[in-house]
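To start, the structure itself, in structure tokens.
We did not get these values from a lab; they are worked out from the coordinates using the rules stated. Computed from a predicted structure; not experimentally measured. With ideal geometry, Cβ positions are generated from the backbone for all residues, glycine too; neighbour counts draw on all protein chains shown.
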Amino acid sequence: MYRIVKKETLNPSVNLYEIEAPMTAKTAQPGQFVILRSHKDGERIPITIHDCDREKGTVTIIVQTVGAATERLRHMEQGEFLEDFVGPLGRPTEIEGNKKVCVIGGGVGCAIAYPVLKKFHDCGAEVHAIAGFRNRDMVILEEKFRSVSDLFRLCTDDGSYGEKGLVTDALRDLLGKGHFYDQVIAIGPLVMMKFVALTTEEYGIPTTVSMNPIMVDGTGMCGGCRLTVGGETKFACVDGPDFDGHLVDWDESLKRSRMYADWERHKHSQTCNLFRKEA
């Protein structure tokens, strides 16, 4: 059993959980993920690690409520215990050999972008960061991003906070001002990562994307996160989740990400109704 030592609401649909998991905290690296199960009869879900404290033996995750499993997790409080918490899994993000990088986070993807950003910063790289959200109410981790960035740009789609526009607008502006990066790392919604990759391809800048949004099982057994990279079949959970953004078949991945959308909405509605009845 894995105790929730801290729970914090970051915005109406996103919560932070600090979990007591000393074995996972001991070896976790930026870019890796865990598989958790909130209850004995719950669904196993992959969640990428946001932070870890090796001394305290805790792992921090940030979870957006989108389906039945995350809805059940949302109703858990500090002091309660998760049924399962397994990890770290997946390949860590490659950090070495980069002197100047741009890390781009979109929405809750910023939870995953932050540890990557921090690791580059701690290794002495010049780090530029771009964070994008739909509106002011959705903004998370702004101060954390600022604390480990040499240059930080925050964008909202509607202009209610920061700059009005998309992360690709901010990226193109930086590139137009003469900034060149050894690598760009994009983490967020698939469509955002696709257009970041298309933008950097014009400039010949190596680009890494995190394909965690399509992961289901997390162990390579279900095939739900199968994708095509450079004409080869890969699995996001065991071969990634990081891949070369210029080689990903984005159209295929976008279709795959929508396969379970209707079913997940139905299960989420059912779970919400159960909690209403209990209340």
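Tabulated values for the structure
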{"item": "Residue with peak Gaussian network fluctuation, the chain [Cα springs, cutoff 10 Å], from 209, 229, 108", "result": "229"}
{"item": "Nitroxide proxy distance, nm - points 7 Å out along Cα→Cβ at residue 163 and residue 41", "result": "5.0 nm"}
{"item": "Rule-of-thumb Rg ratio for region 86-168 [Cα; 2.2 N^0.38 Å; N residues]", "result": "1.12"}
{"item": "Extent along principal axes [Cα atoms of region 103-143; Å; largest to smallest]", "result": "32, 15, 14"}
{"item": "Relative contact order %, the chain, counting alpha carbon pairs below 8 Å whose residues are six or more apart", "result": "17 percent"}
{"item": "Candidates 105, 87, 132: whichever shows maximal mean-square fluctuation once the chain is modelled as a Gaussian network with Cα springs under 10 Å", "result": "87"}
{"item": "Binned Cα-Cα distance frequencies in the chain - 10 Å width, integer %", "result": "7, 29, 37, 22, 5, 0"}
{"item": "Unsatisfied cross-links (Cα-Cα over 23 Å) in the set 56/119; 40/234; 144/177; 144/164; 118/234", "result": "40/234; 144/177; 118/234"}
{"item": "Residues of region 139-183 with amide N under 20 Å of the 7 Å Cα→Cβ point at residue 13", "result": "139-142, 155-162, 165-168"}
{"item": "Chymotrypsin sites (Phe, Trp or Tyr not before Pro) within region 92-199, DSSP loop, no more than 13 other Cβ atoms inside 10 Å", "result": "180"}
{"item": "Aspartates and glutamates with Cα under 14 Å of residue 26, excluding same-chain neighbours fewer than 8 positions away", "result": "51, 53, 55"}
{"item": "Anchor residue 194: lysines whose Cα lies under 16 Å away (excluding residues fewer than 8 positions away in-chain)", "result": "255"}
{"item": "Nearest-0.05 FRET efficiency for residue 54 and residue 150, computed from C-beta distance (R0 30 Å)", "result": "0.70"}
{"item": "Sites excluded, trypsin sites (Lys or Arg not before Pro) in DSSP loops with at most 14 other C-beta within 10 Å, longest stretch of the chain", "result": "178-257"}
{"item": "Dipole magnitude of the chain about its Cα centre (Cβ charges: Lys, Arg +1; Asp, Glu -1), debye to nearest 20", "result": "460 debye"}
{"item": "Evaluated at q = 0.10, 0.14, 0.21 Å⁻¹: base-10 log I(q)/I(0), Debye formula over Cα of region 2-89", "result": "-0.20, -0.41, -0.96"}
{"item": "Separation between Cα centres of region 47-124 and region 143-193, rounded to whole Å", "result": "19 Å"}
{"item": "Proportion of all alpha-carbon pairs of region 100-257 beyond 18 Å (%)", "result": "56 percent"}
{"item": "Pairwise FRET efficiency - residue 198 versus residue 255, Cβ, R0 = 25 Å, nearest 0.05", "result": "0.90"}
